[in-house]
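Okay, so here's the structure we're looking at.
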Amino acid sequence: MFTGIVREMGKVERTARRGQSLEIWVAAAATARELTPGDSVNLNGVCLTAEAAGNGRFQARVMPETLRQTTLGKLSAGAVVNLETALKAGQPMGGHIVAGHVDGVGIVTSRRDMGDSAELVISCPSAIARYIVNKGSVAVDGVSLTVAGVLPGGFKVSLVRHTLQNTTLGNARPGHEVNIEADILAKYIESLLAVRGPGEPSEDMAFDLRDELLA
């Protein structure tokens, strides 16, 4: 599990196709120091397993389904990526619950710079848009953001100076593709409500949902 608080920006050293999968080598000194083979790492919003780590770099493999659902297949040498290692017990939450399971790819359609901050408008598939709510949480390329507004076919987010300086979103421009993960709690609630079937919700619905989520 991750929080969407990017800890380091790394640089892709090289990529190589291995059958239907893709191997990626990333130079990232701080991240590599925290990883051992088998550990999880969030790369541009995607949870990957480190297969090797050391000497300021790590290597991970991207499977075919991930290549189909994310932008990782378009990475090449020199690309800068957002990185976060898995949340450890006792660490502050900071952002929101991020699984690293990308729902799909969105596109930056506009950018408005406002002094030391910026506003992005991002279009996304309807299957993702249904989970986007005003003032809710969303992960964009692994960055935990608050939805600043819901728009037809997309949403807008505001980026503070720290985000602009310390994540790849600082260079996002119209046409830029991003990985999007909607708030996982919304998907759990939808699934729980669907299991109940048709009919009016009971007076204890809120408590029932709370108990099921915490079980």
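Nothing in this text is a laboratory measurement; each read-out follows from the coordinates by a stated rule. Here the structure is a predicted model, which means the values were calculated and not measured. FYI the Cβ positions are ideal-geometry reconstructions off the backbone, even for glycines, and counts take in every protein chain you see.
In straight-distance terms, cross-link reach from LYS74 covers every one of the lysines whose alpha-carbon lies under 22 Å from its own, apart from those fewer than eight places away in the same chain; here that gives LYS11.
In the chain, excluding the sites themselves, the longest stretch lacking any of the trypsin sites (Lys or Arg not before Pro) that are in a DSSP loop with at most 10 other Cβ atoms within 10 Å is 1-87. Near GLU177, once Lys and Arg are set to +1 and Asp and Glu to -1 for all other residues with Cβ below 15 Å from its Cβ, the sum equals +1. Net charge of the neighbourhood of ASN82, taken over other residues with C-beta under 13 Å away and scored Lys/Arg +1, Asp/Glu -1, is -2. Counting only residues at least eight positions apart within a chain, or on another chain, the lysines with an alpha carbon under 20 Å from that of LYS187 are LYS135. Residues whose amide H falls under 5 Å from that of LEU43, counting only those 5 or more places apart or on a different chain, are LEU48, with hydrogens built in the peptide plane. Axis angle, to the nearest 10 degrees, between helix 184-196 and the longest C-alpha principal axis of the chain: 40 degrees.
Dividing the summed -39500 (n - 2.57) terms of all DSSP H runs of n ≥ 4 by the residue count of the chain sets its mean residue ellipticity at 222 nm at -5500 deg cm²/dmol.
Taking 8 Å as the Cα distance limit and 6 or more residues as the minimum spacing, I'd like the relative contact order of the stretch 8-85 as a percentage.
Values: 178 pairs, mean separation 31.4, N = 78.
RCO, the stretch 8-85: 40 percent.
Taking the C-alpha atoms only, the angle from helix 205-214 to the longest principal axis of the chain is near 30 degrees. Couplings 3J(HN,Hα) for the stretch 158-163, derived from phi with the Karplus relation 6.51 cos²θ - 1.76 cosθ + 1.60 (θ = phi - 60°), are 9, 10, 7, 4, 4, 5 Hz, where x marks Gly and Pro.
Return the inverse of the average 1/r over all pairs of distinct C-alpha atoms in the chain, which is the Kirkwood hydrodynamic radius, in Å to one decimal.
Details: mean 1/r = 0.0550 Å⁻¹.
This gives a value of 18.2 Å.
Taking θ as phi - 60° and the Karplus parameters 6.51, -1.76 and 1.60, the scalar couplings of the stretch 32-39 work out to 4, 5, 8, 9, 10, x, x, 6 Hz in sequence order, x denoting glycine and proline.
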